[in-house]
1. Do we have any residue at all in segment 194-201 that's open to solvent by 80 Å² or more (accessible area, probe 1.4 Å) and modelled with pLDDT of 85 or more?
2. Can you pull out the helices (runs of 4 or more DSSP H) entirely within segment 1-101 that have at least 3 residues that are within 22 Å of GLN171 (Cβ to Cβ) and charged (D, E, K, R)?
3. Restricting the search to segment 202-234, which residues are within 30 Å of ALA260 (Cβ to Cβ) and exposed (fewer than 15 other Cβ atoms within 10 Å of the Cβ)?
4. Open to solvent by 60 Å² or more (accessible area, probe 1.4 Å) and either in contact (Cβ under 8 Å) with a residue 24 or more places away in the chain or of a type in the set (A, V, I, L, M) (or both) - does that describe any residue in segment 66-76?
5. Looking at VAL11, VAL33, which one is in contact (Cβ under 8 Å) with a residue 40 or more places away in the chain and touching a Leu at 6+ places or on another chain (Cβ under 6 Å)?
6. Identify all residues within segment 95-112 that are β-branched (Val, Ile, Thr) and open to solvent by less than 60 Å² (accessible area, probe 1.4 Å); write none if there are none.
Amino acid sequence: MEALLRFLPQVWFVILGLFLFLYVLLDGFDLGVGILSLTSSDEKRRSLLMTSLGNVWDANETWLVLMAGALFGAFPLAYGTILTALYLPLMVMVVGLILRAVAFEFREHSDNKSFWNFAFGIGSFIASLFQGFALGGVLAGIKVDAAGHFIGGIWDWLSWQSLLTALTLVQGYVLIGSTYLILKTEGKLQETHFKTAKLAAWTTLIGAILITITTPIVYENARARLFHQPEVYIFALIPLLGMLLIWLLLKSLDKKEEIASFVYTALIFLLTFIGLGFIAFPFIIPPSITIYQAASSATSMVFMITFIGFLIPIMLFYNIYNYFVFRGKVVMSEEGD
């Protein structure tokens with residue numbers, strides 16, 4: 001029984017990481033496209049960017065809802081404490097997501113599409129930025145008492161380190177949004193996004209390097225974790241693989257390779273999540289509450305795994321089928337919409 005109580009929280013830690021990765025990857029390019037729409041040179045191009053998301057954007061956000069529900073069921077203590085500590089940035093993030101959804105739907109029935117296109121872009125930027133602030137707040141650590149309840153202040157999540165994390169995440173979303181648009185567009189618009197992808201790749205790399213250097217300097221718990229043997233060898237390998245993937249991405253962009261550019265970007269995101277997972281494990285509320293302390297009962301976790309075991313393949317099949325059906329390029333009509 002003791003072995004089961006240690007194994008189940010580990011399984012749910014991996015499942016939550018999978019949900020979070022799928023959300024960041026899939027909704028990440030949605031958010032990136034929204035941010036890029038703010039820089040479009042004219043309303044026709046901005047409308048085309050939004051059209052490229054028309055059949056996929058709402059399904060991508062399902063992974064966020066599923067992750068929140070799974071966190072509540074598997075680690076209820078972490079759910080309550082993290083949401084309390086990050087109440088402000090998460091609420092602003094939700095406002096940004098709602099603004100995106102409203103703007104996307106209202107745009108379809110509005111004669112003045114420029115306002116709603118702009119609102120979609122602003123909502124995307126707000127949601128992306130405050131997701132980064134929330135991530136930075138978790139990485140910095142959450143102040144809790146002996147029972148695991150939050151005892152910090154409402155602004156604990158706000159620091160120069162969380163700002164750096166937020167800006168880097170925004171650039172990462174712009175990068176994957178650009179590589180998605182490379183797949184979906186052609187001609188001059190595609191050329192534009194080859195350029196934005198290169199720029200975002202460099203800015204994301206700079207942000208990642210700064211985070212990698214400053215994190216062990218600023219945070220003692222991360223420093224102890226990063227330089228503990230044998231984990232130190234794994235952590236040393238991740239930045240090297242990251243640099244290799246960035247180099248391959250830049251080469252693919254130079255060669256105008258559409259699919260390879262998106263694949264390398266997705267692999268960079270995956271490698272980042274693996275690194276974050278190694279740093280965080282076994283803590284679900286850094287730096288003091290582990291997955292074993294925050295886990296719900298074994299019965300609850302087994303029941304949820306049974307349910308999720310059916311749900312994950314269905315959702316993955318739906319997502320894959322959706323992207324397969326709506327594959328191909330979006331083109332600009334003479335009316336521009």
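1. Yes, segment 194-201 contains a residue that is open to solvent by 80 Å² or more (accessible area, probe 1.4 Å) and modelled with pLDDT of 85 or more.
2. Result: empty, no element qualifies.
3. Across segment 202-234, the qualifying residues are TRP202, ILE206, ILE209, ILE213, TYR233, ILE234.
4. Scanning segment 66-76 turns up no residue that is open to solvent by 60 Å² or more (accessible area, probe 1.4 Å) and either in contact (Cβ under 8 Å) with a residue 24 or more places away in the chain or of a type in the set (A, V, I, L, M) (or both).
5. VAL33
6. Result: VAL102, single match.
Here is a yes/no grid of residues against (1) closer than 22 Å to ALA85 by Cα; (2) aromatic (Phe, Trp, Tyr):
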position: GLY148; (1), (2): yes, no
position: GLY152; (1), (2): yes, no
position: SER162; (1), (2): yes, no
position: THR185; (1), (2): no, no
position: LYS198; (1), (2): no, no
position: TRP202; (1), (2): no, yes
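Okay, residues lined up against (1) modelled with pLDDT of 80 or more; (2) open to solvent by 30 Å² or more (accessible area, probe 1.4 Å); (3) not β-branched (Val, Ile, Thr):
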{"site": "GLU2", "(1), (2), (3)": "no, yes, yes"}
{"site": "PHE19", "(1), (2), (3)": "yes, no, yes"}
{"site": "GLY34", "(1), (2), (3)": "yes, no, yes"}
{"site": "LEU48", "(1), (2), (3)": "no, no, yes"}
{"site": "LEU64", "(1), (2), (3)": "yes, yes, yes"}
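The values are calculated or read from the model by the stated rules, or taken from the named source; none is laboratory data. Fair warning: this is a prediction, and the values are worked out from it, not measured in the lab. Reconstructed Cβ throughout: ideal geometry from the backbone, glycine too, with neighbour counts over all protein chains shown. Accessible surface is based on the protein model in full, side chains and every heavy atom, while ligands, DNA and RNA are left aside. Shrake-Rupley method; radii C 1.70, N 1.55, O 1.52, S 1.80 Å.
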